[in-house]
Amino acid sequence: MSALRWVNENLEKCLAAGLLLLFSGLMILNVAMLFILKEAIAWASEGVLLMFVFFVWIGISYAFKERKHISVTALVERLPPKGQKLHGIAINLLMILFFAMLLKVGWEWMMNPAVQNKSSLLLGYPMWLYYASAPFGAALSVIRLVQNSVEDIKGLIGNAS
């Protein structure tokens, strides 16, 4: 398996698993220290928040990859199979447009001087790190939605012949 194929199959899984392990471990350590030493890790909540925000955005992309997002299908299921596929492609294209706009706006927010010149209270991390989660997650989502759309269009064309 090529490196690119491995990244395509495992990127979100590995990132999400790593972040989940890190922020869960940090929360458990913080609670244990609070009970045992009566002292909490001052920066733990801020670190967990930053990791959790990225975790959520990565999860959104992973759900697109696995086609596991919640959807209301009561009306779509009444369409013929070709209509269902066309509907799915149209929804994917609208979602690509939405996440592309989110990527653009998120990038603009992240690059805003008001954000660039601020840092977080406890860790002193630059605030743009928090804002970077939106364009990062939106970019991953656009990639997964484009992959899904290409696969759906190929399937539609393949069944039409």
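The values are calculated or read from the model by the stated rules, or taken from the named source; none is laboratory data. Predicted model, so just to flag it, every value in this text is computed and none were measured. Here the Cβ is made from the backbone with ideal geometry for all residues, glycine too, and neighbour counts use every protein chain on show. The area values use the complete protein model at the heavy-atom level, side chains included, leaving out ligands, DNA and RNA. Shrake-Rupley method; radii C 1.70, N 1.55, O 1.52, S 1.80 Å.
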task = Could you look through region 50-93, keep only residues that are small (Gly, Ala, Ser) and closer than 29 Å to residue 134 by Cβ, and pick out the one that is surrounded by the fewest Cβ atoms within 10 Å (Cβ to Cβ)?
result = 71
message = Give me the helices (runs of 4 or more DSSP H) completely within region 64-161, filtered to those with at least 1 residues that are of a type outside the set (Phe, Trp, Tyr), farther than 23 Å from residue 51 by Cβ and modelled with pLDDT of 90 or more, ordered by residue number.
response = 81-111, 113-116, 133-160
message = Could you list, ordered by first residue, the pairs with Cβ atoms under 7 Å in which the first is in region 76-93 and closer than 23 Å to residue 142 by Cα and the second is open to solvent by less than 90 Å² (accessible area, probe 1.4 Å) and not in a helix (DSSP H, G or I), at least 6 apart or interchain?
response = 87/79
remark   = For region 14-46 the number of residues that are farther than 28 Å from residue 126 by Cβ, in a helix (DSSP H, G or I) and of a type in the set (D, E, K, R) is 0
query = Within region 94-122, can you find the residues that are surrounded by 15 or more Cβ atoms within 10 Å (Cβ to Cβ) and within 22 Å of residue 19 (Cα to Cα)?
reply = 103, 106, 110, 120
key: Condition met for residue 59 (part of a helix (DSSP H, G or I) and more than 30 Å from residue 10 (Cβ to Cβ))   = no
ask   = If you scan region 21-48, which residues turn out to be touching a residue at least 12 places away in the same chain (Cβ under 8 Å) and under 28 Å from residue 99 (Cα atoms)?
value = 22, 23, 46, 47, 48
Residues located in region 35-49, provided they are open to solvent by 70 Å² or more (accessible area, probe 1.4 Å), within 28 Å of residue 129 (Cα to Cα) and among the aliphatic types (A, V, I, L, M) = 42, 49
